[in-house]
Structures are given as C-alpha cells and as structure tokens.
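Okay, so here's the structure we're looking at.
The values are calculated or read from the model by the stated rules, or taken from the named source; none is laboratory data. Values in this document were obtained by computation on a predicted structure and should not be read as measured data. All Cβ positions, even for glycine, are placed from backbone atoms using ideal geometry, and neighbour counts span all protein chains on display. Surface areas here come from the heavy atoms of the whole protein model, side chains and all, with no ligands, DNA or RNA. Shrake-Rupley method; radii C 1.70, N 1.55, O 1.52, S 1.80 Å.
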Amino acid sequence: QVQLVESGGGLVQTGGSLKLSCAASGRPFKNINMGWFRQAPGKEREFVAAIKKSGGTTVYADSVKGRFAISRDNAKNTAYLQMNSLNPKDTAIYYCAANRVFYAPLANRETEYDYWGQGTQVTVSS
C-alpha cells in the first residue's frame, strides 16, 4: 500500500502564494505517479495537476494552468504543489493522490488513482 500525507495548507490573501507538500510512504516513491485534486464546499472533487513518476511529464487543469506548478523530489519521497496568484475560487480541501499507471489523457480522472491522502485546507481571503 501507499500512505499519503498532505501538509502546507492554510489561510492566504488574494494574490498570494502557498506551497503544498505530499509525503509518501509504503511503496517505493519512484514507482508511483502523483496527482493533486481539490474539493470546494458543496462541490464535487476536481482535478488540479498530475506528474509522471519520472517527473518529466505534467498535466494541469485549465483553471490552474500558468498559476500552479506540480513537482516531485524522489529522494525525499515528496510531491509538491506550488500555488501562485491565488483567489477565493481556489478555496478548497486539496488532496494528494497516487496511481500505478500514468496515461496523460486519463490523468484527470479520479478512478485512475489508487491511493489518497486525508486532504489539507486552503482558504483564500477576498
């Protein structure tokens, strides 16, 4: 199994930045692909970004492209989500996820991911 623990969430002002971390354990980190999803109050969970196990390929949702950046450090068994130019619409619980097979056209689907973290709250003030 793979255990995922998110951290780095909090309260930030509009236009500010925040960096989330996802620490992985269990399965060798270099063998799993990573993704970030988010869920706002009363809304369904939506895809944010994904990164291949090698770190060479990334996929972003249109809503965050150009503002957010996903990365990973295999030596530290950690994935990251750098969030810039934040606005209140970005307020949500952010979840880290992992899957065993990476296929870019399907990277935005929840069903492609086998493991999930507990989530970390991100709140952007107006």
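Summary table
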quantity	calculated
Within segment 34-113: Cβ-based charge dipole about Cα centre, in debye rounded to nearest 20 (Lys, Arg +1; Asp, Glu -1)	160
Cross-link pairs Lys19/Lys76; Lys52/Lys89; Lys53/Lys89 - those with Cα-Cα distance over 22 Å	Lys52/Lys89; Lys53/Lys89
Highest-MSF residue in the chain out of Leu81, Leu11, Leu20 [GNM, Cα springs under 10 Å]	Leu11
Protein accessible area in segment 19-82, 1.4 Å probe - carbon and sulfur %	44
Loop GluC sites (Glu not before Pro), segment 1-76 (other Cβ atoms within 10 Å of the site Cβ: 15 or fewer; DSSP)	Glu44
Between segment 10-40 and segment 47-126, the alpha-carbon center distance in angstrom	6
Per-bin percent of Cα-Cα distances, the chain [10 Å]	14, 50, 30, 5, 0
Chain lengthening between Ser7 and Glu46 when straightened (0.36 nm per residue, less Cα-Cα)	12.2 nm
Compactness relative to 2.2 N^0.38 Å, alpha carbon Rg of segment 62-126	1.22
Inter-site label distance for Asp73 and Tyr103 at 7 Å from Cα along Cβ, in nm	3.3
